[in-house]
Amino acid sequence: MKSHSPWSTARNPVKFRIPTADNLVPIRLDIEIEGQKFRDAFIWNPSDPDSEVVVFAKRTVKDLKLPPAFVTQIAQSVQTQLTEFRSYEGQDMYTGEKVVPIKVCHC
């Protein structure tokens, strides 16, 4: 049985939107400086007035007791990923249909 989805199909693209609270930005960090590694993955909310990249980087470095050199690298990586994400605004995005089997127990 094929259902009609509100999501895009190959014939019905969805326009990419600038990130909002409903369209959060996935961020991945994988940084190594002088043999010390920092890896993290999280969702960035660009609509949050407290989401300033440099402040976030400084707070992260302080909280995790990382060397100060990580501040610049974290801030640059987050900013680069946000800029790249925003560059897709207005482009057509195609998503395929996804079928997920669900087992129902009629006990």
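For first residues located in the range 62-91 and farther than 21 Å from P26 by Cα, partners that are exposed (fewer than 11 other Cβ atoms within 10 Å of the Cβ) and of a type outside the set (V, I, T) and lie 6+ apart or on another chain with Cβ distances below 9 Å form the pairs P67/E34; A69/E34. Picking from residues in the range 19-43 that are surrounded by 14 or more Cβ atoms within 10 Å (Cβ to Cβ) and farther than 18 Å from Q76 by Cα, the one that is modelled with the highest pLDDT is L24. Is it true that T83 is assigned to a helix (DSSP H, G or I), among the hydroxyl-bearing types (S, T, Y) and modelled with pLDDT of 95 or more? No.
Out of curiosity, is P46 touching a helix residue (DSSP H, G or I) at 6+ places or on another chain (Cβ under 8 Å), modelled with pLDDT of 70 or more and part of a loop (DSSP other than H, G, I, E, B)? For P46, the condition - touching a helix residue (DSSP H, G or I) at 6+ places or on another chain (Cβ under 8 Å), modelled with pLDDT of 70 or more and part of a loop (DSSP other than H, G, I, E, B) - is met. The single condition among (1) outside any helix (DSSP H, G or I); (2) over 12 Å from I31 (Cα atoms) that F56 does not satisfy is (1).
The values are calculated or read from the model by the stated rules, or taken from the named source; none is laboratory data. None of these values were measured; they are calculated from a predicted model. Because the Cβ atoms are built from the backbone with ideal geometry, glycine has one as well, and the counts that use them run over all protein chains shown.
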